[in-house]
Structures are given as C-alpha cells and as structure tokens.
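Engineer: If you scroll down you'll find the structure; I have some questions about it.
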Amino acid sequence: MRKKILYLLMGAALVIPAYPASKKTGEEKEVLNDSQISRIYYQSSEPCSNIMQFYIDKLQEMDWAITYKSDDSLSISLTSRDNSALSIQCAHPPQENITYINLSHFPAPTPEAQEAGAKYIEMPGRDIPNIPRYPGAVRRQYYMGSNQEDAIYEVKQSCLDCMVEFYRAGMVAQGWQYFNEIRTTIGKELDFEKTPEWLREQKNEELKTEYKEGLDKLKQEYPESAEELKKESERLANVPLIILIFGNKTGMAFIVLTQQDNVVSIDTNFVPNRPTQK
C-alpha cells in the first residue's frame, strides 16, 4: 500500500515500448470522462538515468513531443500529434534494489468532452448509482478505476449547511447508513506537518503509521513536491471543506463539499468492499 501511494504514478498503452532490461509487473485500465486511461508498471535493476534517456530518445523518434521534464529528469510528460498524452515516472527508493517505472497513456479528448469543457456543460460519464445529485449541479468529471468510482460536480450555492442536509437525508433515503461528518479546511488537510482530521478520526493505528512514513518519504525523496504542498495549504487555509461518510453492505461513500466564491464543488466517491479472502 505504501509503495502504491508513493510510486503508483503512471502507465502506458501497448504501443509504447518497454525498457529492454525491465519486467512488466502490472497493468490497469481506468475511465476518465469518456476516455480510457492505460497504466502499465515495470521494474528494473537499471538506474533511472538510463531508463529515462531511453524513453526520451525513443519517443521523440516516434514524434512524441516533451511538454514537461522535472529538474531531476525522473518525471516527463509528452504529447503526440493526435493530442494524446503520456506520462513516465521513475523511482529508485533508497535501500531498495528495484527501480520502479510507471507509465500512463491518456487518449486525446473526444470532441464531446472538449465541447463540454469549453462551454461548461455536462461532461461525459454517469452519476454513481444510489448517490443523489444536488439540484442544478453540473458534472465536471467522471472517473472509474478498479477500486473506486468518482463523479465531481459544481453548482452555484452559498448555503453549505443546506447541501449537507440534502445529502444526509438523500443518502439515508437511498439505504445508506450515516457514519460521520468532518468539517475542516482544504489548507489543513494539505498541511502534512499536521495529522489531517479524517485520519485523527481513524482507530487504525497501522494506517496512521503508514501515512506518517509515507509523508516522511515524500519529503525526503520529493522535496519540491512537499514544498508545493506547503504553499498550497497556505493559499487554501480558509477554504471550507466538509466530508460526509456513509456505508452500506456494498461499500463506503464519501461526499466532499468545498466552496470558493459561492461555487461549491461536490465530489461523490464510492469505494466498494474488497472481496473476502477464502
């Protein structure tokens, strides 16, 4: 789990070459709006410098253009002539003899998705079953992966408490059990120097330890990212954040409300129960 938090970065389509001295360790397919994301994971004993140079040379030969390269050259983003995108990241954790290579391929957005983004209308996707939609809310993103389903909406609304009551009543009416409500700010949740409120509510000490160790690694291995998170937490220090937690026999549902300039973002997230091991 800890490695997935830190190194589950990106994967690629089958047309993207594998590094010669690498072994494929996994593959995932995900849905974002109306496009399918391909993620492939490799491991190697080679240094990241060799691996990333291989991909830079090989992909440029295939007419991919580099749009971003981190200062340490461990992360690159590229686009193709058809506007599809590719992200490649490499990590070699200290005290490990494994180099992790993670690639993700994002197809070019469809004309329908481009029009929806430009005109601020409904994005392709669906509403999560048994989770009500707030009246007037416009779906801005839909995601489906192997372990969760997520639909994000926006609506002009100034009464967050009204929305809380809508979701509490609506979710219970759909058969969900209400578990908890957390009120904080986005800035507090991004401030990794403090334990976030959602984690303080947990009784699972192993999860808390894993969270702390993961952040320690983040600060050691990706200091620039840690500094960006710190700046973002300061910028969003006063932006309200409300998390409503529900559950039923199929899994857990999280309704996350944030408000900026009388526009509320509604993140509806469903995490199914894992199959019982026999």
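The values are calculated or read from the model by the stated rules, or taken from the named source; none is laboratory data. Just so you know, these numbers come straight off a predicted model, no measurement behind them. Every residue, glycine among them, receives a Cβ derived from its backbone with ideal geometry; neighbour counts consider all protein chains shown.
Engineer: Only one of these conditions is not met by Glu193: (1) modelled with pLDDT under 75; (2) part of a helix (DSSP H, G or I); (3) surrounded by fewer than 14 Cβ atoms within 10 Å (Cβ to Cβ). Which number is it?
Structural biologist: It fails just one condition, (2).
Residue-by-condition table, conditions (1) of a type in the set (A, V, I, L, M); (2) at pLDDT 90 or above; (3) more than 25 Å from the chain's Cα centre (by Cα):
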| site | (1), (2), (3) |
| --- | --- |
| Leu9 | yes, no, no |
| Leu32 | yes, no, no |
| Ile37 | yes, no, no |
| Asp57 | no, yes, yes |
| Asp63 | no, no, yes |
| Tyr68 | no, no, no |
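Engineer: Tell me, please, whether a residue that is modelled with pLDDT under 90, in a helix (DSSP H, G or I) and either under 20 Å from the mean Cα position of the chain (by Cα) or not charged (D, E, K, R) (or both) can be found in the range 232-242.
Structural biologist: Yes.
Engineer: With respect to the numbered conditions (1) among the hydroxyl-bearing types (Ser, Thr, Tyr); (2) surrounded by 12 or more Cβ atoms within 10 Å (Cβ to Cβ); (3) modelled with pLDDT of 75 or more, which one is the sole condition not fulfilled by Tyr222?
Structural biologist: Failed condition: (3).
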